[in-house]
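Taken together, the values in this text are just the output of simple stated rules run on the coordinates, not laboratory data. Just so it is clear, the model here is predicted, and its values are computed rather than measured. Ideal geometry is used to build each Cβ from the backbone, glycine not excepted, and the neighbour counts take in all protein chains shown.
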Amino acid sequence: MKIVQMGTKYFPAHGGVEVTLRQECEWLKGQGHEVEVLCSDLAEHLRGVKLKKGSPTVNGIPVKRCWSFTPPRITYPVMPSLPVRLWWSRADVVHAHAFWYFPADAAARVCKKRKIPFVFNPHFSPRRSTFWNRYQRTVGAQTIQAADVVVAVSEWEKRLILQEGFKPKRLEVISSGVDPEEFKAIRHNVFERYGIASRPIVLFVGRIAPDKGLDLLFRAAVGVLGDQPDVVFFVAGYDFGYWREMEHLAKRLGIRDHVIYGGTLERADLLSAFLHATIFALPSQYEAFGLVLTEAMFAGIPVVATRASAVPTVVEEGQNGLLFEPGNVGELARHLVTLLKNEAMRRTMGQAGRLRVLEKFNVRDHYRRLESIYRSLV
């Protein structure tokens, strides 16, 4: 069948949704389906940063990047040509990603007129503003209602969708997760490049933005370094205009010499970082799922993360990681020190995390379920 996948951005743009979207597309292509991607020309939507023009295909998948503009005062990139391209796409199924964004809203309306089955992944994150509330009650609600199937990435997101008053026709849970085959090809230690391979490393992976809690990690680092002075905090992720502020914070806290910013790592280097770090820390305020948590767990390292949103449905506290109350810097620091001082605990939790991912978050099993949903609609 021909499957059109839609999102605001696509690889080489970075983000958890973008990783999930790319994995889905490449797996479906491997199953013999015709896959096409419709998206914007953006590398970063918050600041409107455009991608450099590149190949019209990514790993053999046609990617049609539509010119976009962002209206004043709202982060809602609009792609005027996208609905037209979808209209003439000859799609058997359309699968759009991300609540609040134009591609899903356009897909809902084109699919309704063209009578094309429509699957929607909201990757829902609630916000509170007058404009958001109006959107949620009107356009957003209509997009969810138009979907033949709404796919949540966690039970927590499913509950949230229903609590917010949405009424999807059919609501399924298919988690994001890890493709074990990706890790098999990794032979190098990326930290050798930075001269820190022999030191204990606390790894953070995520966009460099206020909601990811990097400031909390840096404040906790002060206490950690007081007990474990050899630790390095390695930060990897796309800078959404926030790194300079974080760098200044690290200098004020006196920890700058213990912080390395690796920027946006190539995929192989990112997987290597997971495989060779000591601990993974994710102090974010909100995760609809938390793909990086499963990547760290599969790599066999323990996780320290916020006890909030979907995180406790991924990380089993005391089994494969430790959780702290939102904003509690002291508790975050204590958990990091506990794990840094206890190699046996790290090893046990790492093994438990890997097993949990293999049992619950193997992405190939999940995409077989997604494929069965497509077939049920065609």
For Lys169, counting only aspartates and glutamates whose alpha-carbon sits under 14 Å away and dropping same-chain residues fewer than eight positions off, the answer is Asp148
Here the gain from full extension of Met345 to Ser376, 0.36 nm per residue of separation minus their alpha-carbon distance, amounts to 6.6 nm
Stretched fully, the stretch from Trp88 through Tyr194 gains (0.36 nm per residue minus C-alpha distance, one decimal, in nm) 33.2 nm
In whole percents, the bins of 5 Å from zero upward hold the Cα-Cα pairs of the range 69-225 as 1, 7, 13, 15, 14, 13, 11, 9, 8, 6, 2, 0
The answer for the net charge of residues other than Cys66 whose Cβ lies under 12 angstrom from its Cβ, with Lys and Arg +1 and Asp and Glu -1, is +4
Per the 1/(1 + (r/R0)^6) rule, R0 = 30 Å and r from the Cβ atoms of Lys113 and Asp365, FRET efficiency to 0.05 is 0.30
Rounded to the nearest 10 degrees, the helix 102-114 long axis (Cα) sits at an angle to the longest Cα principal axis of the chain of 30
Computed over the range 207-284, the Cα gyration tensor eigenvalues, each multiplied by 5 and square-rooted, give semi-axes in Å (largest first) of 19, 16, 11
Expressed as a whole-number percentage, the relative contact order of the chain with C-alpha contacts under 8 angstrom and at least six residues apart is 14
Ranked output for segments 49-58, 68-77 by mean other Cβ atoms within 10 Å, highest leading, reads 68-77, 49-58
Subtracting the Cα-Cα distance of Val58 and Lys169 from 0.36 nm times their residue separation yields 36.6 nm
Only helices counted: for the chain, with every DSSP H run of 4 or more residues adding -39500 (n - 2.57) and the sum spread over all residues, [θ] at 222 nm is -12000 deg cm²/dmol
Under 17 Å by backbone N from the virtual spin label 7 Å along Cα-to-Cβ at Leu358, the residues of the range 317-350 are 320, 347-350
One finds the C-alpha centres of the range 302-358 and the range 112-130 to be spaced, in Å, by 33
Any lysines whose Cα falls less than 20 Å from that of Lys64, other than same-chain ones fewer than 8 residues away, would be Lys2, Lys9, Lys29, Lys50, Lys52, Lys53
In the chain the DSSP beta bridges are antiparallel at a rate, in percent to nearest 5, of 10
Taking a straight Cα-to-Cα line shorter than 15 Å from Lys184, and setting aside same-chain aspartates and glutamates fewer than 8 residues away, one finds Asp269, Glu295
So, for the Cα atoms of the range 268-378, Rg and Dmax in Å stand at 15.2, 55
For the Glu247, Lys29 Cβ pair and Förster radius 25 Å, calculated FRET efficiency rounded to 0.05 is 0.05
